[in-house]
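Taken together, the values in this text are just the output of simple stated rules run on the coordinates, not laboratory data. Here the structure is a predicted model, which is why all the values come from computation and not from measurement. Every residue, glycine as well, gets a Cβ built from its backbone with ideal geometry; the counts of neighbours run over all protein chains shown.
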Amino acid sequence: MVGRVLLVEDDASIGEVLASSLRSHAYDVVWERTGGAGLARAATGPVDLVLLDLGLPDLDGVEVCRQLRATQPGCVLVMLTARSAEMDVVVGLEAGADDYLVKPVRLAELHARLRAQLRRGGMGTTGPAVRALGDLVVDVPRHRVTVAGGELHLRPKEFDLLARLAAQPEVAHSREQLMADVWDENWFGSTKTLDVHVAALRRKLQEVTPPGRRVPQIVTVRGHGYRLELAVPDDR
Ligand code: CA
């Protein structure tokens, strides 16, 4: 068993293909066909991964996403969407999803993504396991981030992204490299997922930083990507 998966999908043929493919890769799969049943199932115990169709018959998929994130804070949440509308994807990511797949889902892509999503700590570039940058401490073995001693609560991919940036502070990382390191070794295509996670990290870091404390900033490197930059003390 490589992971417990909750599949929420109302389409019988798509659900059948996904569930049997996941089972053949040794995932322990529970398949629910409505948002309500998915939420009820999620409330009964932790899962490693949720595959969530956004177009559900009973509830709005984005709302289901938000509630699943609240019930299952540690799981990896991947949206399935038949809609090409970028807004759905962005709204879903903001509601707590870690990634998305557009239907029709190619099984090879699904499995590549899931392997990458469930991989923990193996982020290619190894820095010190515990990294202190000003008042920010990223503790990879404990999967914990603190700012001036206060805990910063991050979603799995937000943590992975911050840990990746913190492993090499002051270094500009390309968008493609960050996508490959944090999401999928074979990533190609849109990097919208990255931008939404960077925005969430910036907001959370800002929210928990007490006045006068030094916390690194995620700086946009125009036309390239991002770097984590140590804050300059106010009195300099
Ligand atoms: Ca559907």
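Between residue 132 and residue 28, what is 0.36 nm times their sequence separation minus the Cα-Cα distance? Round to one decimal in nm.
33.7 nm
Roughly what angle does helix 61-71 make with the longest principal axis of the chain, taking Cα atoms, 0 to 90 degrees, to the nearest 10?
With both axes taken from Cα atoms, the answer is about 60 degrees.
For the chain, give the magnitude of the charge dipole about the Cα centre (Cβ charges: +1 Lys/Arg, -1 Asp/Glu; no others), in debye to the nearest 20.
For this selection, approximately 580 debye.
So, R0 is 35 Å and r is the distance between the beta-carbons of residue 144 and residue 180; what FRET efficiency does that work out to, to 0.05?
For R0 = 35 Å, the calculated efficiency reads 0.90.
For helix 107-118, report the angle its Cα long axis makes with the longest principal axis of the Cα atoms of the chain; keep it between 0 and 90° and round to the nearest 10°.
Between helix and principal axis, roughly 40 degrees.
Quick one: work out the % antiparallel among DSSP beta bridges in the chain, nearest 5.
Approximately 50 percent, going by the DSSP bridge assignments.
At 0.36 nm per residue, minus the direct Cα-Cα distance, what do residue 107 and residue 214 gain on full extension? Give it in nm, one decimal, please.
Result for the pair: 34.0 nm of gain on full extension.
Return, ordered by residue number, the residues of region 158-186 whose backbone nitrogen is under 18 Å from a label point located 7 Å along Cα→Cβ of residue 115.
Residues 179-186 qualify, since their backbone N sits under 18 Å from the label point.
Helix 156-167 versus the longest principal axis of the chain: what angle, 0 to 90°, nearest 10, using Cα atoms?
Relative to the chain, helix 156-167 is tipped by roughly 30 degrees.
The chain: longest stretch without exposed GluC sites (Glu not before Pro) (DSSP loop, at most 16 other Cβ within 10 Å), sites themselves excluded?
Longest gap between qualifying sites, sites excluded: 1-169.
Going highest first, how would you order 50-57, 211-218, 136-143 by mean Cβ packing within 10 Å?
The most tightly packed comes first, giving 50-57, 136-143, 211-218.
Counting other Cβ atoms within 10 Å, keep those with at most 11, restrict to DSSP loop, and tell me which chymotrypsin sites (Phe, Trp or Tyr not before Pro) in region 167-230 are left.
Answer by residue number: 188.
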